[in-house]
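The values are calculated or read from the model by the stated rules, or taken from the named source; none is laboratory data. Keep in mind the model is a prediction, meaning the values are calculated, not measured. Cβ placement follows ideal geometry from the backbone for every residue including glycine, while neighbour counts extend to all protein chains displayed. To get the accessible areas, we keep the full protein, side chains included, count just its heavy atoms, and leave off ligands, DNA and RNA. Shrake-Rupley method; radii C 1.70, N 1.55, O 1.52, S 1.80 Å.
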Amino acid sequence: MNDAAMIRVLAFVHPIWMVTSLVMAIVTASLGLEIRRRHRRGRPVGGELRRRHLRFGKRTLILVGMGFVLGPVSMVFLRGRDLLDSFHGILGLVVLGLFAWTGWSGRALSQGEEDARDIHRIAAASSVAAAMLSAVAGFILLP
């Protein structure tokens, strides 16, 4: 494989990584929605469901953070473009902030701060929605 082909293949690492992150975020959100449904119906949530939600959430945050780093690396070193030289790059900053907010509010909720429940729900929904928008905005940047 020549250098140009290798660079082209490497340029797909960030998009694949972020699609995986988005899938993980959606799985985490579905677990969170199940917790919410059980709360609303007065049914016990169960420790295992909470642990799964937290485990997936933490992994998602790590994936999103690492993917955020991969984006600028890909733009600058693999594509020869300026840092944050796209709408997708700006959205990436927003997405990172929203996922950080989701993690922060989730941590507060897991420590018993019930007031964080609505904030966590709004932050999580906003994170997933912004990530989907960012993915669509990134289509134009695919090699």
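Couple of notes before you dig in:
- In the set (1) under 18 Å from Ala25 (Cα atoms); (2) modelled with pLDDT under 95; (3) of a type outside the set (Asp, Glu), the condition left unmet by Leu78 is number (1).
- Options Ser86, Ser21, Ser74: the member that is surrounded by 14 or more Cβ atoms within 10 Å (Cβ to Cβ) and in contact with a His (Cβ under 6 Å, 6 or more places away or on another chain): Ser74
- Filtered by the rule that a residue be open to solvent by less than 20 Å² (accessible area, probe 1.4 Å) and of a type in the set (A, V, I, L, M), the stretch 92-130 gives Val95, Ala108, Ala116, Ala123, Ala130.
- So Gly67, is it more than 18 Å from Leu33 (Cβ to Cβ), among the small types (Gly, Ala, Ser) and in a loop (DSSP other than H, G, I, E, B): no
- Qualifying positions in the stretch 31-48 - open to solvent by 50 Å² or more (accessible area, probe 1.4 Å) and either closer than 16 Å to Ala123 by Cβ or hydrophobic (A, V, I, L, M, F, W, C) (or both): Leu33, Arg36
- Within the stretch 28-47, the residues that satisfy the criterion of being more than 11 Å from the chain's Cα centre (by Cα) and in contact (Cβ under 8 Å) with a residue 12 or more places away in the chain are Leu31, Gly32, Glu34, Ile35, Arg36.
- When the residues of the stretch 133-143 are filtered to those that are open to solvent by 20 Å² or more (accessible area, probe 1.4 Å) and out of contact with any Leu (no Cβ under 7 Å at 6 or more places or on another chain), the one that is nearest to Gly57 (Cα to Cα) is Val136.
- Just one of the listed residues (Ala108, Ala125, Ala116, Ala129) is touching a Leu at 6+ places or on another chain (Cβ under 8 Å) and of a type in the set (A, V, I, L, M), and it is Ala116.
- Leu83 being closer than 21 Å to Leu133 by Cβ, among the aliphatic types (A, V, I, L, M) and not in a helix (DSSP H, G or I): yes
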